[in-house]
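K.L.:
Before I ask anything, let me first share the structure, which is written out below as structure tokens.
Coordinate-derived values only; no laboratory data. All of these numbers come straight from a predicted model, not from anything done at the bench. Because the Cβ atoms are built from the backbone with ideal geometry, glycine has one as well, and the counts that use them run over all protein chains shown.
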Amino acid sequence: MADRSKITAILTAKCPRCREGEVFKYSAFNLPKFDRMHEDCPVCGLHYEVEVGFFWGAMYISYSFSVGIVLAVGILLYYLANDPPTWVYLAVVSACVIILTPILFRYARILMLHFFSGVKYDPSFSKH
């Protein structure tokens, strides 16, 4: 699938250069291993950590995701649960962020790769 779109590559966690290679070794649902990445793209050989400490920047993206979840869940609880006690807000928001941590972690790194690595799509690296 050499003509894969950038959005599809991001949503399916594929390499930014060939848009075919997997970035992560295991599924997000494999909780003990959700954070394990390939060092290099299995299709085109791109080294994912383009510079030392590159993925530290993903913490800011992940933080933004978490803030969005806190706001969304807080607003939903306020309107749908008729402004429950503070402990309900804390429990529900904490549970949501903890449950979504593997997805937040992965997409923060994927967005870092696709938007901040300087790597551009090159169809010549595609196997198809």
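K.L.:
Being touching a helix residue (DSSP H, G or I) at 6+ places or on another chain (Cβ under 6 Å) and closer than 21 Å to residue 28 by Cα narrows it down to one residue among 93, 73; which is it? First the steps, then the outcome.
P.N.:
Details: 73 fails: closer than 21 Å to residue 28 by Cα.
Checking each option against the conditions leaves just 93.
K.L.:
Now, a different point. Scanning segment 2-39 for residues that are exposed (fewer than 12 other Cβ atoms within 10 Å of the Cβ) and closer than 24 Å to residue 124 by Cα, which turns out nearest to the chain's Cα centre (by Cα)?
P.N.:
So, considering only residues that are exposed (fewer than 12 other Cβ atoms within 10 Å of the Cβ) and closer than 24 Å to residue 124 by Cα, the one nearest to the chain's Cα centre (by Cα) is 11.
K.L.:
Is one or more of the residues making up segment 98-105 assigned to a helix (DSSP H, G or I) and over 22 Å from residue 14 (Cβ atoms)? It would help to see each step written out before you state the result.
P.N.:
Residues of segment 98-105 assigned to a helix (DSSP H, G or I): 98-105.
Add one more test, that the residue is over 22 Å from residue 14 (Cβ atoms), and what stays is 98-99.
Yes, there is a match, as at least one residue in segment 98-105 is assigned to a helix (DSSP H, G or I) and over 22 Å from residue 14 (Cβ atoms).
K.L.:
Tally the residues that are among the hydrophobic types (A, V, I, L, M, F, W, C), exposed (fewer than 12 other Cβ atoms within 10 Å of the Cβ) and not in a helix (DSSP H, G or I), restricting the search to segment 74-89.
P.N.:
The total comes to 0.
K.L.:
Please pick out the residue among 20, 49 that is over 17 Å from residue 115 (Cβ atoms) and in a loop (DSSP other than H, G, I, E, B).
P.N.:
Values: 49 fails: over 17 Å from residue 115 (Cβ atoms).
Unique residue meeting the criteria: 20.
K.L.:
Cβ-Cβ under 6 Å, sequence separation 6+ or interchain: first residue in segment 34-54 and touching a residue at least 12 places away in the same chain (Cβ under 8 Å), partner among the polar types (S, T, N, Q) and part of a loop (DSSP other than H, G, I, E, B). Which pairs?
P.N.:
Here the result reads 50/117, each pair linking segment 34-54 to a residue that is among the polar types (S, T, N, Q) and part of a loop (DSSP other than H, G, I, E, B).
K.L.:
So which pairs qualify, if the first residue must be in segment 58-71 and within 20 Å of residue 89 (Cα to Cα), the second must be not polar (S, T, N, Q), the Cβ gap must be under 6 Å, and the two must be at least 6 apart or on different chains?
P.N.:
Partner pairs satisfying both residue conditions: 65/104; 66/97; 69/96; 69/97; 70/93.
K.L.:
When only residues in segment 58-73 that are small (Gly, Ala, Ser) and surrounded by 15 or more Cβ atoms within 10 Å (Cβ to Cβ) count, which is farthest from the chain's Cα centre (by Cα)?
P.N.:
Of segment 58-73, the ones small (Gly, Ala, Ser) are 58, 62, 64, 66, 68, 72.
Narrowing further to those that are surrounded by 15 or more Cβ atoms within 10 Å (Cβ to Cβ): 58, 62, 66.
Numbers: 58: 9, 62: 8, 66: 12 Å.
Per the criteria, the residue is 66.
K.L.:
Which numbered condition in (1) assigned to a helix (DSSP H, G or I); (2) within 20 Å of the chain's Cα centre (by Cα); (3) of a type outside the set (A, V, I, L, M) is the only one that residue 121 fails?
P.N.:
(1)
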